[in-house]
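Report on one structure; see the data block that follows.
The values are calculated or read from the model by the stated rules, or taken from the named source; none is laboratory data. Everything quoted here is computed from the prediction, not taken from an experiment. So basically every Cβ, Gly included, is an ideal-geometry build from the backbone, and we count neighbours across all protein chains shown. These accessible areas exclude ligands, DNA and RNA; they are computed on the full protein's heavy atoms, side chains included. Shrake-Rupley method; radii C 1.70, N 1.55, O 1.52, S 1.80 Å.
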Amino acid sequence: MDAPLKAKSGHQGTAMSLAPLGHVLYSRVMRHHPARPDWFSRDRFILSCGHASILQYALLFLNGYGIEMADLEQFRQWDSATPGHPEAGHTAGVEVTTGPLGQGFANAVGMAIAEREISARYGDDLGHHTFVVAGDGCLMEGVSHEAGSLAGHLGLEKLICVFDDNGITIDGSTTLTCSDDVVARFSAYGWRVLTATDIANDLDGLEALLLEAKKPTGKPTLCVLKTVIGEPSPSLRGKHEAHGNPFTAEHVSEAKSAMGIPDVAFHAPVDVVDEYRKVARERGELFVSTSGSLPDALGSIDVAAVRATLPVFDRETAMATRVAIQKVLEATAPVLPHLIVGSADLTGNTGVKVSSFAAHSSSKPDGRQIYYGIREHAMGAACVGMALHGGCVPVCGTFFVFADYMKPAIRLAALSKAQAIFVFSHDSVGVGEDGPTHQPIEQLASLRSIPNLQVIRPADASETAQAWIAALTYDGPTALILSRQNLVATTSGVGIERGFECLAHADETPDATIVATGSEVPVALAASKELDAAGLAVRVVSLPSWDRMRRLDPAGFRACVGTGPSFSLEAGSTMGWHEFVDHPIGIDRFGASAPGNVVMDKLGISAAAVVGAVRSTLGR
Ligand SMILES: Cc1ncc(C[n+]2csc(CCOP(=O)(O)OP(=O)(O)O)c2C)c(N)n1
Ligand SMILES: [Mg+2]
C-alpha cells in the first residue's frame, strides 16, 4: 500500500487481495531459488495482470531476489528496479514483461510449450510448471481466446492459470461489460476448471487448490479464484475505486489498523523478512539439488556450425525468398537443437517448416513443428514466452499483412529483447490477385518504427541466408520480410552484415543513386542498366536492413549513397525514406486485385518508372 501511495501512482487493490495467493505460491508451492533466478527448470510465474506489479515486487523483496525496501520506496521512479509494470530482463525474478492485458496469459502458453518440448527431449528433470495470474481484463482480451484454445488443444497440463475473479475492472463491476460463463468457456476449450469461492485468504485452502491444480490430467488448469479487490481496506474493499485511484493516506492507515499492523510506512519486521528469506533459500537449495540445469546443447548457438551448413544459392536461378528461408531452415536445423518452428495455418506458404520435425502434441511432446492454427496473435505472444523461457529459438510465420494481428506481441518481444524470429512472407503488392486486403503497404514503416526490432527485407536467396545468421546472432527479435514471387539473384549476401551493399557503379562518381530493398533491388538494377545506355551512371544500393545499417555503419551508407540526386525504390509506404534519399519512390495507397506484376507496374514500381523519374530529375 505504501509504495503506490508514495509514488502517487500504481494500484493497491488487486495486489492486496492476491497477497495470500502470492505468499502461498512463493513459500509453499513454486519450485524456485531466489539466489538462482535463472535456474533453468524453475517454475515460471507470470503476473499477467501487470498493473498489480507491486505484488510481485513485494514477493521478490520478501523472498530475497535482490529487491530491497529502498527499491520498493522507489516504485515507478526513473531507473528504479521496480518499474510501473514488471519488465523482463530488468528485475531479477520477473519472467516476462506484462501490462498490456492478456499478453502474459498467452506468453505462459508459449512457456508451457517450450517446457514440454525441452523436457521431452532432454529429460524430465527439466520439467516445471508455469503459473500465470490473470484478471478479468486478461480474459476479456481476444488473445486469451486464441491462447486458451491453443493450450486446451495441445493439452498443456503443466500450465496453471489462476483467474482473479473479482468482478471489477476500472470502469466498475463486470456486470457492465461481461456475461461470459468462464467455467463453461474454458471447459469448452478442453481445460480442467477448479472453482474456489471462499479461500482467497485461506492459506491452507490456497495451497490445497494449487496442489490439486498441479496434478497431471492431460489438460491445462484454470483456477477460478473469487477475490475481493482491496481486501482488507474497510472503505475500498470490493469497489472499483480500489483499482482506479491509488489509496489516500487515510485509506492506507485504516487498512493497516484493520490488519492490526503498525501505521508505519514501508514497515517490514526484520524477523519476518529473515524468516521468509531463510525458508526461500532452504526450499531453493533443495529444488536446485534435485532438478536439471540448462543442457549444453541448448546453450549458446554454434554460429560457426550454422554458417558451415548454410546452403549456397545458385546465382542463375530465380527463387522466392520464402522458399529460400525454408531451405535455410532445413539445412541448418541439424545444428540448431534450439529451433521450435511453426505457422498460423500458412506453413507451406511461408516456408516455416522443417521436414524432420514432428507436429507438437501431447502424444508427440518432443515435436518441434507447432501448428498454431489461425491464431496469429497467440502465436506471436507464445513465441515471446518461448524465447524468454530460454533453451529455444522460436520461429513463426504468416503473411506480412497479418503482422498487424501480432503487433502487440512483436512490440513486447522488442521491449523485452526476446529472441523470437518472425517470418513474414507475401511482403508487397506483388502478392497479386488476392488484392488490397492481402497486400501490405504500411507494415514495413510500422515495424521499422519499433525500437529494438531487427527488420530485414532480403533481395534474394543469398541475402536471406545471411539474414538467418543475423537473426540468430541478434540479441532481440527479428522480422524477416520475404517475397511470395521469385526473385533473380543479384547480391552476394554481404549486404546483410552492415545492412547495405553497393551493387552497381560502386567505383565511380555516380550521376544518381537508387536505394532499394527486397524485390525492388532487381528492378533498380534493371533501371540502372537502361540508364547506362543513356550515358548515365546510376548507382544501386541494396538496403535490406535500416536498423543494421544505422547500428553498424551509417557513415559508410551515407558515403555509398553519395551526394548526387538519390532515389529509393520500395513497394510500400514511403514514410521514413526521406531520411535517406531525396526522392522516395513507393506506394502510398492501397493495392489492387490483379496479377502481381500488373499491380507493381500500375503503381509505379517498374524499371520504366524509375528511369523516367531519374531522367526528369537529372534533366538528361
Ligand atoms: C490491453 C490493455 N488495455 C487496457 C489496459 C488498461 N488497464 C489496466 S488494468 C485495467 C482493468 C483490468 O481489469 P482486471 O483485469 O479485472 O483487473 P482488476 O481491476 O481486477 O485489478 C485496464 C483497462 C491495459 N493495461 N491493457
Ligand atoms: Mg478484475
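Annotations for the structure displayed:
- The listed peptides 413-422, 125-134, 265-274, 553-562, ordered by packing as a protection proxy, come out as 413-422, 125-134, 553-562, 265-274 (highest mean of other Cβ atoms within 10 Å first).
- Exposure of HIS11 as accessible area (Å², to 10), given a probe of 1.4 Å and all protein chains: 40
- Seen from GLY476, the other residues with C-beta closer than 15 Å to its C-beta sum to a net charge of +3, counting Lys and Arg as +1 and Asp and Glu as -1.
- Across region 321-326, computed HN-Hα scalar couplings (Karplus, 6.51 cos²θ - 1.76 cosθ + 1.60, θ = phi - 60°) run 5, 5, 6, 4, 5, 5 Hz from first to last residue, x flagging Gly and Pro.
- TYR122, TYR405, TYR57, ranked by accessible area, largest first (probe 1.4 Å): TYR405, TYR122, TYR57
- Rolling a 1.4 Å probe across all protein chains gives SER361 an accessible area of roughly 30 Å².
- Each peptide in 143-156, 587-600 receives the mean, over its residues, of other Cβ atoms within 10 Å, and ordering these scores from highest gives 143-156, 587-600.
- Largest-first ordering by accessible area, 1.4 Å probe, given options LEU211, LEU286, LEU159: LEU286, LEU211, LEU159
- Size of region 505-611 as Cα extents on the principal axes (Å, biggest first): 40, 35, 18
- Checked against a 26 Å cut-off, the cross-linked pairs LYS158/LYS364; LYS6/LYS407; LYS529/LYS602; LYS226/LYS256; LYS219/LYS417; LYS215/LYS417 give Cα-Cα distances beyond that limit for LYS6/LYS407; LYS219/LYS417; LYS215/LYS417.
- Placing one equal scatterer on every Cα of the chain and applying the Debye formula, the log10 ratio I(q)/I(0) at q = 0.09, 0.12 Å⁻¹ is -0.75, -1.13.
- Fraction of accessible area attributable to carbon and sulfur, the chain (%, probe 1.4 Å): 53
- Within-12-Å neighbourhood charge of GLY604 [Cβ basis; K, R +1; D, E -1]: -2
- Cα-based helix-to-principal-axis angle, 376-389 vs the chain, degrees rounded to 10: 70
- Mean-position separation - Cα centroids, region 110-172 and region 23-38, in angstrom: 18
- A protection proxy built from the mean count of other Cβ atoms within 10 Å ranks the segments 476-484, 20-28, most packed first, as 476-484, 20-28.
- The residues neighbouring SER235, those whose beta-carbon lies less than 11 Å from its own, together hold a net charge of -1 under the Lys/Arg +1, Asp/Glu -1 convention.
- Residue-normalised accessible area of the chain, expressed per residue, 1.4 Å probe, Å²: 37
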